[in-house]
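The block underneath contains the structure these notes are about, expressed in structure tokens.
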Amino acid sequence: MSLVKEMPVLTFYPQLEISDKRLWRIVHHYVGRMLGDLDLSSVTTVGVDETASRRGQRYVTVFLDMQRKQEPVPGHGKAAIKAFSAFLEEYGGDPDNVVEIVCDMSQAFLSGVAEHLPRAEVTVDWFHIVQTFTKRLDEVRNKERREQGHPKSLRWALLKSLENENLTPKQLAALQELVADQSATADAWVIKEKLRWIQKAPTPRAARWRITNYLKVMKAAVSEKPLLKPMGKALAKLERHADAVVRRWISGLTNARLEGMNGLFQAARSRARGYRNEANFIAMIYLIRSPVGRLLDQAKSM
């Protein structure tokens, strides 16, 4: 089991003189045994995010108990929230005890939470706000690039954080040239960057005030240029979910740890060059960063 956690199955199963299918059956057997020892009775706050299981818009949804460390519970499919609710009940938890869930603005997640976790308040993670605006910014850039030339190195400059000071000299020069041109892409970039003003709000009340004023100013700016229509969609999305965004200042919960784990899951998938099916990928997620992996380690040391 230690080898499975660290190495792709296809690289070492011949040395064990068994088939890779039999080895995966062994993995699923022990993961299933350890799942029986899970106790989810104290779960009250949950983070949720998706990680790609294969190309072609195929995902696994990972749930994280926000009050513990390194304990995601994966699920998959459109009914991921429903499946998680049933999973909680199966292992001693109660969906009615979940009072907060941190997620993105996916309507599928939000409707699932309302139906299957009825007492949970939704907190929209700030990462997903920035991600939404960044995607819309890239749409504006692509549209405008078809009509006029853009400075070289611009694409990656727009995706990077200006405050982190990790722009190359060429990227910084490209941004300066863009802003000087007063193009639609420059306006879209300013709209995205001004999100930092909201992020730095010291209190929930200040955050609400900043969101309200930000939306007022930016919606007026967007209305003047047809190319900025994608940014208008991002602003509308922020407006619809403003209450859930402000909750991050109240609870202090984010999906940062879950986003970090996502990198580990994708590294495992890359090493294995993909998995034959989602069940194998889910088993690896359990082994890498869930209580199941720790329970297996404890069992080996006894």
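The values are calculated or read from the model by the stated rules, or taken from the named source; none is laboratory data. Everything numeric here is computed off the predicted structure, so don't read it as measured data. All Cβ positions, glycine included, derive from the backbone under ideal geometry; neighbour counts span all protein chains shown. With ligands, DNA and RNA removed, areas are computed over all heavy atoms of the protein, side chains included. Shrake-Rupley method; radii C 1.70, N 1.55, O 1.52, S 1.80 Å.
Cross-link pairs exceeding 26 Å between alpha carbons, from the set Lys5/Lys135; Lys82/Lys160; Lys192/Lys216; Lys170/Lys229; Lys152/Lys200; Lys143/Lys237: Lys5/Lys135; Lys82/Lys160; Lys170/Lys229; Lys152/Lys200. Computed over neighbours whose Cβ is under 14 Å from that of Phe127, the net charge equals 0, Lys and Arg +1, Asp and Glu -1.
For Asn166 and Asp181 in one chain, what is 0.36 nm times their gap in residues minus the Cα-Cα distance, to one decimal in nm?
Contour length minus Cα-Cα distance gives 3.1 nm.
Surface composition of the chain: carbon plus sulfur atoms contribute 51% of the solvent-accessible area (1.4 Å probe, protein chains only, all chains present).
Across the stretch 183-188, computed HN-Hα scalar couplings (Karplus, 6.51 cos²θ - 1.76 cosθ + 1.60, θ = phi - 60°) run 7, 5, 5, 5, 5, 5 Hz from first to last residue, x flagging Gly and Pro.
Of Met231, Met218, Met66, the residue with the greatest mean-square motion in the GNM of the chain, using alpha carbon springs below 10 Å, is Met218. Taking the Cα atoms of the stretch 104-167, the ratio Rg/Rh between the radius of gyration and the Kirkwood radius comes to 1.18.
Sparse packing (at most 10 other Cβ atoms within 10 Å of the Cβ) combined with a DSSP loop state is found for the following GluC sites (Glu not before Pro) in the stretch 148-190: Glu163, Glu165. Residues within the reach of a label modelled at Ala256 (point 7 angstrom out along Cα to beta-carbon, backbone nitrogen below 20 Å), restricted to the stretch 153-190, are 160-166. Label-to-label distance, Arg54 versus Glu89, with points set 7 angstrom from Cα along the beta-carbon direction: 3.1 nm. When you filter the GluC sites (Glu not before Pro) in the stretch 195-275 for DSSP loop state and at most 15 other Cβ atoms inside 10 Å of their Cβ, you are left with Glu224. Take the stretch 183-247 with all the other protein chains still there, run a 1.4 Å probe, and you get 51 Å² of accessible area per residue. Local charge for Ser42 was computed over the other residues whose Cβ lies under 9 Å away, with Lys and Arg +1 and Asp and Glu -1, and equals -1.
Helix content alone sets the calculated 222 nm mean residue ellipticity of the chain: runs of n ≥ 4 DSSP H residues at -39500 (n - 2.57) each, divided across all residues, give -18500 deg cm²/dmol. Most tightly packed first, judged by the mean number of other beta-carbon atoms within 10 Å of their residues, the peptides 123-132, 90-99 read 123-132, 90-99. Distance between the C-alpha centres of the stretch 194-234 and the stretch 3-58: 42 Å, rounded to the whole angstrom.
Restricting the stretch 128-160 to trypsin sites (Lys or Arg not before Pro) that sit in a DSSP loop and have at most 13 other Cβ atoms within 10 Å of their own Cβ leaves Lys152.
Taking all protein chains into account, the per residue accessible area for the stretch 4-70 stands at 58 Å² (1.4 Å probe). Among beta bridges from DSSP that stay inside the chain, the antiparallel ones total about 65%. Spin-label model, Ala279 to Lys216: label points 7 Å out along the Cα-to-beta-carbon direction sit 5.8 nm apart. Taking amide H positions as modeled 1.01 Å from N, with prolines and chain starts lacking one, the residues under 5 Å from Thr123 and 5 or more places away or on another chain are Ile101, Val102, Cys103.
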